[in-house]
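Q: Pasting a structure below so you can have a look.
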Amino acid sequence: MNALTLAEEVENPLLPPIPELVIGLIAFAIVFIFLAKKLLPIINKTLDERRAAIEGGMEKAEAAQAEAQQVLEDYRAQLADARHEAARMRQEAQEQGVAVIAEMRSEGQRQREEIIAAGHAQIEADRKAASASLRQDVGKLATDLAGRIVGESLVDHARQSRTIDRFLDDLEVKAGDVTKVEATR
């Protein structure tokens, strides 16, 4: 049994035979040297290019973001200016509206005063015309009546006119006294 146990100990499955171990190490060294000399520089070059492209892309993205931020700030500034301008224009329009309203009121007041003055002048002219017409009619009627009462014709125009004027002036004075007495009550 010793021989069997010794043979079993020699053929340990965890330890490979030495010639296979040497061939494996040489093959590994050849593959490692080949990869280190040929493939590794190409991989490093490709990684460097990708890193540069990524960094360049990030720089471009940062530049684009900065530009976008600047455009946004410009837009906000323009928007604020536009709002300020609109507020200024609104204020000017309100001020102009107030000025136009004041101007229209003063023009309306002036026209009203003109119309009232023209109305008073027309009333005064009509009163004077009515008074003159009334004086003539009353004078003629009074003269005719006085002529009938006296029985004599009062055709003298100058005397007739003086008598009529004196009579009407007395009537106006009496009417003025009556108006004053009524006003004091």
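Q: Which net charge results for the neighbourhood of His120, defined as the other residues with beta-carbon distances under 12 angstrom from its beta-carbon, given Lys and Arg at +1 and Asp and Glu at -1?
A: Computed value for this residue: -3.
Q: With a 1.4 Å probe and every protein chain kept in, tell me what percent of the accessible surface of the stretch 19-154 is carbon plus sulfur.
A: Percent of accessible area from carbon and sulfur atoms in the stretch 19-154: 64.
Q: Taking a cut-off of 20 Å between Cα atoms, list the lysines near Lys37, but don't count ones fewer than 8 places away on the same chain.
A: Lys45
Q: With no solvent and one equal point scatterer per Cα, compute the Debye intensity ratio I(q)/I(0) for the stretch 19-154 at 0.13, 0.14, 0.16, 0.19 Å⁻¹ and report its log10, rounded to two decimals.
A: Relative scattering, expressed as log10 I(q)/I(0), comes to -0.94, -0.98, -1.04, -1.13.
The values are calculated or read from the model by the stated rules, or taken from the named source; none is laboratory data. None of the values given here were measured: they were computed from a predicted structure. All Cβ positions, glycine included, derive from the backbone under ideal geometry; neighbour counts span all protein chains shown. Please note that ligands, DNA and RNA were not included when accessible areas were found on the heavy atoms of the full protein model with its side chains. Shrake-Rupley method; radii C 1.70, N 1.55, O 1.52, S 1.80 Å.
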